[in-house]
Amino acid sequence: MATKEKSVFFCKSCGNESPKWFGKCPACGEWNTCVEEKEVKSKKTEDRRQKSEGVPMPIKEITNAEEQRIVLPFEEFNRVLGGGLVLGSLVLVGGEPGIGKSTLLLQTALQLNKKVLYISGEESQTQIKMRADRVGIKNENCLILTETDTKEILKHVKDVQPDIVIVDSIQTLSSPYVDATAGTISQIRESAAEMNKIAKSYQIPVFLIGHITKDGSIAGPKILEHIVDTVLQFEGDRHYGFRILRTIKNRFGSASELGIFEMNATGLREVTNPSEFLLSQRDEEVSGIAIAATMEGQRPMLIETQALVSTAAYGTPQRSATGFDTRRMNMLLAVLEKRAGFKLGMKDVFLNIAGGIRSDDPALDLSVVAAVLSSNADIPIDNRTAFAAEVGLSGEIRAVTRIEARIAEADKLGFEKIYISKYSAKGLDTKRFHIEVIPVATVYDLATELFG
Ligand code: TYD
Ligand code: MG
């Protein structure tokens, strides 16, 4: 008797599985994320089943194991991993196609003094060699394999016994145990689970490269987030050389770290002093620019906020923000209008974070407000002035975390003044800094302080 082939429906965003088609995912609430896949029949499950060796143990009797880490050649890479690559960990590196994921990992592999197995399902060995020549080869022990079958990969790993495995990319892998084409959700899940088994059973760290698009139209990284130990995202604006490696999840460290790289003709170069890099070089003072002392993870960073306020040319004023949340900008504009009496309602407001960087540190608020006020009045702010505070709905200036680290960074870079919340200033020993620390209480105070 012929059996009808059954379909299952997945959500591309969260991986939720459903027997019926849906417009809105019942699990994560996203719209239009439904994809249809053939129902997967797992094959040959018997030989894969392992005896579980777990026995319940009192927590006090479990011995502590020091995590062993491999130190990678890029300091910025180690930072986002929480201080190096943990043995046996599965690390997903996601990012848009063309952003530089393959370059980052190949370059890491080529500069490391360890045996690396670089498995590519995307490029041929010659293509990889060309790229390797471009970025420079130091590691003699970097093996390139073009393979997509997970069973074959396992064989090679057993054979080669590498210190690190890199898989480029998870979307090209296919497990023979699952009856689905590469790149489908069932296949991605299964392949990742098998790579995880390799990582855990041989204590080899495995990197998985995963393509992701802004609208999430390529299935992958999102549905893997719970399988892997660490999720890193490689991002940046293609028009700039900057590339940012951001920690999204990390079982072995903080999940708010950030590493900065620059892409040039010979591959990636790490940027260890981002502040100087992110501040635009300018000789003359222009209105609408303010510098924020932000924290990205554990690292203080000075970044430039630029605002342009002009009379709306057409009926409805335009508001747009790059690198900053537009809703947050609108809120700050409303606060300025209502609490400090600035008539911005009929003005176009454009906001930009220099260098193509994106930040959601609340401490940016004060510098956004300062930049908007400066552009509105067309009076420049001294370029040796920094800002670090959150702005509340009643126009009050609120304290932010790690204020001393922020002040110290601005101080180190030769800034002369920093505006902070008066609540941050309490108990702060400002004498140890050269920089003048100016506490402000409301946006109105700030406006008067800055422009009289
Ligand atoms: P790639 O690593 O292939 O991106 P991904 O794996 O994320 O798809 O990066 C490709 C881009 O990087 C490509 O546009 C060319 C650029 N590039 C350089 O600018 N310099 C270099 O040395 C290399 C190797 C690539
Ligand atoms: Mg690639």
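If you take the residues of region 288-332 that are part of a strand (DSSP E or B) and among the basic types (Lys, Arg), which of them is farthest from the chain's Cα centre (by Cα)? Step through it out loud before you land on a result.
Filtering region 288-332 down to residues part of a strand (DSSP E or B) leaves 289-296, 299-311, 319-322.
Adding the requirement that they be among the basic types (Lys, Arg) leaves 299, 319.
Details: Arg299: 14, Arg319: 26 Å.
If we take residues in region 288-332 being part of a strand (DSSP E or B) and among the basic types (Lys, Arg), then Arg319 is farthest from the chain's Cα centre (by Cα).
Residues in region 259-275: is at least one outside any strand (DSSP E or B), open to solvent by 20 Å² or more (accessible area, probe 1.4 Å) and under 27 Å from Lys417 (Cβ atoms)?
Restricting attention to region 259-275, the residues satisfying the condition of being outside any strand (DSSP E or B) are 265-266, 271-275.
Within this subset, residues satisfying the condition of being open to solvent by 20 Å² or more (accessible area, probe 1.4 Å) are 265-266, 272-273.
From what's left, under 27 Å from Lys417 (Cβ atoms): 272-273.
Yes, because at least one residue in region 259-275 is outside any strand (DSSP E or B), open to solvent by 20 Å² or more (accessible area, probe 1.4 Å) and under 27 Å from Lys417 (Cβ atoms).
Return the total of residues in region 323-351 being out of contact with any Phe, Trp or Tyr (no Cβ under 8 Å at 6 or more places or on another chain), within 26 Å of Tyr240 (Cα to Cα) and open to solvent by less than 80 Å² (accessible area, probe 1.4 Å).
Final tally of qualifying residues: 9.
I need a count of the residues in region 146-155 that are crowded, with 20+ Cβ neighbours inside 10 Å and either of a type in the set (Gly, Ala, Ser) or within 16 Å of ligand 2 (Cβ to nearest atom) (or both). Steps first, please.
Pass one, region 146-155, residues crowded, with 20+ Cβ neighbours inside 10 Å: 150, 153.
Imposing the further condition that a residue be either of a type in the set (Gly, Ala, Ser) or within 16 Å of ligand 2 (Cβ to nearest atom) (or both) reduces the set to none.
Summing the residues that are crowded, with 20+ Cβ neighbours inside 10 Å and either of a type in the set (Gly, Ala, Ser) or within 16 Å of ligand 2 (Cβ to nearest atom) (or both) in region 146-155 gives 0.
Given the criterion modelled with pLDDT under 80 and crowded, with 16+ Cβ neighbours inside 10 Å, identify the matching residue among Cys34, Cys14.
Details: Cys34 fails: modelled with pLDDT under 80.
Matching residue, one of Cys34, Cys14: Cys14.
Can you name the residue in region 211-254 that is open to solvent by less than 50 Å² (accessible area, probe 1.4 Å), polar (S, T, N, Q) and within 23 Å of Ser120 (Cα to Cα) and is also modelled with the highest pLDDT among such residues?
Thr230
Which of the residues that make up region 362-407 are over 14 Å from Leu332 (Cβ atoms), part of a loop (DSSP other than H, G, I, E, B) and under 26 Å from the mean Cα position of the chain (by Cα)?
Ala399, Val400, Thr401, Arg402
Out of the residues in region 115-143 that are among the basic types (Lys, Arg) and open to solvent by less than 80 Å² (accessible area, probe 1.4 Å), state the one that is nearest to the chain's Cα centre (by Cα).
Kept after step one, since they are among the basic types (Lys, Arg), are these residues of region 115-143: 115, 129, 131, 134, 138.
Now drop any that are not open to solvent by less than 80 Å² (accessible area, probe 1.4 Å), which leaves 115, 131.
On the way: Lys115: 28, Arg131: 24 Å.
Selected residue: Arg131.
Return the residues of region 3-26 that are among the acidic types (Asp, Glu) and assigned to a strand (DSSP E or B); say none if nothing qualifies. Break it down stepwise before answering.
Pass one, region 3-26, residues among the acidic types (Asp, Glu): 5, 17.
The one that is among the acidic types (Asp, Glu) and assigned to a strand (DSSP E or B): Glu17.
Could you say which residue among Ile166, Ile137, Ile119, Ile170 is under 21 Å from Met263 (Cα atoms) and within 16 Å of ligand 2 (Cβ to nearest atom)?
Ile166
Checking the structure you have, find out if any residue of region 156-178 is open to solvent by 50 Å² or more (accessible area, probe 1.4 Å) and within 14 Å of Leu208 (Cα to Cα).
As a first pass, look at region 156-178 and keep what is open to solvent by 50 Å² or more (accessible area, probe 1.4 Å): 156, 158-159, 161, 163.
Next, from what is left, pick out any that are within 14 Å of Leu208 (Cα to Cα): none.
Taking every residue of region 156-178 in turn, none turns out to be open to solvent by 50 Å² or more (accessible area, probe 1.4 Å) and within 14 Å of Leu208 (Cα to Cα).
The values are calculated or read from the model by the stated rules, or taken from the named source; none is laboratory data. Because the structure is predicted, anything quoted here is derived from the model rather than measured. Note: ideal-geometry Cβ built from the backbone for every residue, glycine included; neighbour counts use all protein chains shown. We work out accessible area using only protein heavy atoms, side chains counted, and drop any ligands, DNA or RNA first. Shrake-Rupley method; radii C 1.70, N 1.55, O 1.52, S 1.80 Å.
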